[in-house]
Each structure stands twice: as C-alpha cells, then as structure tokens.
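Derivation of every value follows stated rules applied to the coordinates shown; laboratory data play no part. No experiment lies behind these values; they were computed from the predicted model shown. So basically every Cβ, Gly included, is an ideal-geometry build from the backbone, and we count neighbours across all protein chains shown.
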Amino acid sequence: MEDLKTTILNYVVDEYLDDPDEELTFDSPLISAGIVDSFSMVSLKRFLENKYSISLPDDRATPEAFDTVNKIAALVTEFMNK
Amino acid sequence: MGYSGHIKGILQRELSAIEQAGIFKKERFIHSVQSADIEVEFPAGSSLKRVINMCSNNYLGLSSHPEVIEAAHRGLDHRGYGMSSVRFICGTQDIHRELEQKVTEFLGTEDTVLFPSCMDANTGVFEAFMTAEDVMISDRLVHASIVDGMRLCPAIHDTFKHSNMEHLESKLELHSDKRIKVVITDGVFSMDGDTARLDEMVTLCEKYDALLFVDESHSSGFIGKTGRGTHEKCGVFGKIDIITTTFGKALGGASGGCVSGRREIVEMCRQKARPYLFSNTMAPVVVSGVLKVFDILSRSTERRDKLEKNAAYWRKGLEEAGLILQPGDTPIVPVMLFNASLAQKFSIDLFGEGIYAIGFFFPVVAKGAARIRTQISAGHETHHLDKALEAFRKVGKKYDILGKTKQEIIDQYGL
C-alpha cells in the first residue's frame, strides 16, 4: 500500500507541481486545493488504469475520490482486488 | 418578481467578498476614440484626464484609422445596420463571404467561418466536430474561452505543462488510442507574451496523427514577417489544422472572430457550432471595416514593422531602467512585480503620471506572479514611449524596486 501511495504521489508531483520545492503528503488536498484541475484529472485516471491494469468507471473517478493520494490509493486498491 | 431579500443578500455578500479580495473590476470610461492618447474619466464622476494608453490590444493602431472608419461608414450606407437573422436563415451578405475568403487567404488555410466573437469561435468549434471518442490536449495556459469550449465538448480533455514539448509528447502517447486527437494552444500567450513552439508542435502532431489548433488572437496581423501570425514566424504557415482569431484586437479592434482551417472542420462549424447557429454574426458595418483592414495590411508591412520596432525600444528602455520583464519579443511586455498589492498601487501611481496600464494578479495570473501588463501599439510614437518610460522609472523608484532581483522584491513586499 505504501509503495502504491508513493508511486501516485511521485506521479502527482512530476505531473502537476510547478514548484518542485512544494511539499505534498498523502493527505494533501489535490483537486479542492487546485493542484490538480478537473481537466488534468483525466491523465491521472489513465495513468492509474494503465499502471495497475484496472478500469475506473467515471462515476467512481470523481473529484472527491481523487482529492488525496490516500483516497486515490483506496480506490485503486478496491478495483485491483475486484 | 422572485428577487427576494434573501437572494439579494446572497449576491451582495458575494460581491463584498470579491471587493474584499481586491479583485473587484471597475471600468474606466474613455471619452475619446481608442488610440495612444485617450481621455479617461476615472474614478467615475471625476474630471477627464489625458493619458497614454499602454494596455489596449490595438496593436496595429487601426482601431480609429480614417480609412477603416470611412469603409465602415460606406458599409453602413450600402449594407445597412443589422441583419436581424442568423447566418443560415437570411443573415449572410456578400461581404460576409468576401471577408471569409480574405481571411482564408491571409491565414493560409482552406476555409473560414465568421463568428460574433473569437470567444464564440472557441466555445463552438470543439463541440462541432468532436465526440466522446476523442481527446483535446491543451497547453495549461490557454485562454479562458478555449477552456470554456473544452468544457462544452464531450471529448475527454487533458493538459500539458506550458510549452513543454516532452510533456506534450507523453500525452500524445497516452491518448494514442483516441479517434481524433487535437493539440490546443495559443499562438501568443496573452498574459506572458511568449510564443508557442508551433514548429515542434507541428512535428509532434504529424508523428502522432493529431490535429493542431492555434488561437491567434494576440498574433494575427503583426506576428511573422508579413503579420500572418505565429505560424508564419515559426515557419509552419499552411500547416495548422484549425486557427481561431479575433477582429477585436489588431484587426480593427471592433468585434468578431472566426474559425479558419481544414474545409471539413469549417463546414462542421457551419452545420453544428451553436454560437454560429443561434446568434447573429458580425454586423455589416464591422465586416466592412475589417475588409478595409485587410486592404491596408496587404499594401505594406509598415505598421507591423513599426510595432516590432516600438516593442523592442520599450522592452530595452524598461530593462535599462532596472525592471524585471517576462522574456519575449512580442508587443506584450509584462513588468513583473510579484506582489498583488504592489501591482495595484503601481498601476494607480502610473495613472497619476498620465500612463494607463493595468495590474494583473491572482486569479488572472498565478499567485506570486503579479505584474503590470504593458501592450505596445504601432500607434505609439517615440515621445509616448519615452514619457511612459519616465513614469515607470519614477514609480519604480518610489517603490524602490529598480535594479532589484525577484527575491529582493519578494523579500520587500511579500508574495
């Protein structure tokens, strides 16, 4: 689980942060804080689907479900176990 | 009459919050024609002040050009005031088609369709030919009207880091399974004044079988050797699939816009773009004025050459004064102040010195990137620029920022 979270966190930092010194934790709000905008969420969703060979339905891949690394990791884990 | 005190209260609180956040927009009333010298009433009710305009999109100085005004008068006399119809019912005159053909030739495309504004062109174009099977991949700093157009379109949307070609390529790879892929960018970015890397983008789009969309609103008429736009400057004239641009900036400055590009995409806009279908197009008087603008531009490149010279002179003067500028070579020259409050005060002091230039800050630009955005015109003479430089030096000295680094200004004023 920690590996999964770290992978997601690293992706978010590389993909969305302009300032490399900005610190993010597993609980940092991503969408509600404007770090990941709703437009860019699609690349995060597709990254997770490709990386973990899962398919996240649109009604589960919501801004709320993607708001922190912890929430994303829980969602991915749920679909990996299906 | 459902406008209850409750609703009024909600809206009043929201307006107060905007005011308290320091982002409440107030109009300044201009009592003259648009030009380098204007007479402004600000604040409302105060006596008129003659100032130099350093913040209009009147890049070529054609907004009040006598030939354009005369052509507009002729248009009014011969084609009337309004059409009282959308294009496809009974709202298309010969001059609408004539303008579309001129634009097509000027931009080096296959066909063009006019819209009431470029905002409308951008909001209508994507939805007209893309479906949920497709993807739009946009630069993260594209204009708000493009963002709105993407929101209205069922295709999925993604972004790439500003002007980062490596990141764009990774997105093209990620979405390679999509039916239609469209890469979306501004030609010149309005807040920073930098230019898209269209040559590299064309190469990437060819490699990944994607279309390239460019908004040329801050480029058409003056970027490139003959003013055709960013695609001319980057050596990819004739290779852009979709161009949108405006007639509300350099090309006369009145109103109107267009989608220009591949024949089938333009035709899809005529069939399906909602701002085209459900709104009157450009008024005959404006079309007549814009036709004259293209006549003037086809006679010589004098105006865009003067603009280029003015912009270089202005940029050099500000740099020599010790101000920090966003790098670039377009007529958009942002003077970086970083702190929002400083940008507002700086703008007010400039106005006191007879210079009209506006401060921009979050949320229009990123936090900590507040600035005065200056825009140069071919209508500026050297004496205008010299007076404005003197004012920037004076106000810069007052706030003790001349010759200071970004960090020193941030240390002094905060972010």
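Each Lys or Arg adds one and each Asp or Glu subtracts one; over the other residues with Cβ under 13 Å from the Cβ of B:Lys367, this totals -2.
Its residue count N sets the reference 2.2 N^0.38 Å, and the alpha-carbon radius of gyration of the protein assembly as shown equals 1.04 times that reference.
Build a GNM of chain B with springs between Cα atoms under 10 Å apart, and of B:Ala155, B:Ala343, B:Ala144 the one that fluctuates most is B:Ala144. Exposed loop sites, defined as chymotrypsin sites (Phe, Trp or Tyr not before Pro) outside DSSP H, G, I, E and B with at most 11 other Cβ atoms within 10 Å, are absent from the longest region of chain B, namely B:82-277. The Rg/Rh ratio for segment B:145-290 is 0.96, where Rg is the radius of gyration of the alpha carbons and Rh is the Kirkwood radius.
Loop-located GluC sites (Glu not before Pro) in chain A (DSSP state other than H, G, I, E, B) with a sparse environment of at most 15 neighbouring Cβ atoms within 10 Å: A:Glu22, A:Glu23, A:Glu64.
Take the Cβ-Cβ distance between B:Lys49 and A:Asp59 as r, set R0 to 45 Å, and report the resulting FRET efficiency rounded to the nearest 0.05. According to the calculation, E is roughly 0.20. Computed from the C-beta positions of B:Glu173 and B:Glu67, the FRET efficiency with R₀ = 60 Å rounds to 0.75.
Relative to the longest principal axis of the Cα atoms of chain B, the long axis of helix B:284-299 makes an angle of roughly 80 degrees. Using θ = phi - 60° in the Karplus curve 6.51 cos²θ - 1.76 cosθ + 1.60, the 3J(HN,Hα) couplings for segment B:96-110 round to 5, 5, 4, 5, 4, 5, 5, 5, 4, 5, 5, 8, x, 10, 9 Hz; x is entered for Gly and Pro.
For the segment A:42-49, counting C-beta atoms of other chains within 10 Å of every residue's C-beta and taking the mean gives 4. Restricting the trypsin sites (Lys or Arg not before Pro) of segment B:350-415 to loop positions (DSSP other than H, G, I, E, B) with no more than 13 neighbouring Cβ atoms within 10 Å leaves B:Lys367.
Largest first and in whole Å, the equivalent-ellipsoid semi-axes of segment B:1-140 read 34, 29, 19, each the square root of five times a Cα gyration tensor eigenvalue. Applying 0.36 nm per residue to the separation of B:Asp77 and B:Lys225 and subtracting their alpha-carbon distance, the gain on full extension is 49.7 nm.
For B:Asp400, neighbours were defined as the other residues whose beta-carbon sits under 15 Å from its Cβ, and their charges (Lys and Arg +1, Asp and Glu -1) total +4.
Neighbour counting of Cβ atoms within 10 Å sorts the residues B:Cys153, B:Cys258, fewest neighbours leading, into B:Cys153, B:Cys258.
Please give the net charge around B:Val113, taking every other residue with its beta carbon less than 9 angstrom from that of B:Val113, where Lys and Arg add +1 and Asp and Glu add -1. Neighbourhood net charge equals -1. Taking the C-alpha atoms only, the angle from helix A:41-52 to the longest principal axis of chain A is near 50 degrees. Highest GNM mean-square fluctuation among B:Gly238, B:Gly224, B:Gly22, for chain B modelled with Cα contacts below 10 Å: B:Gly22.
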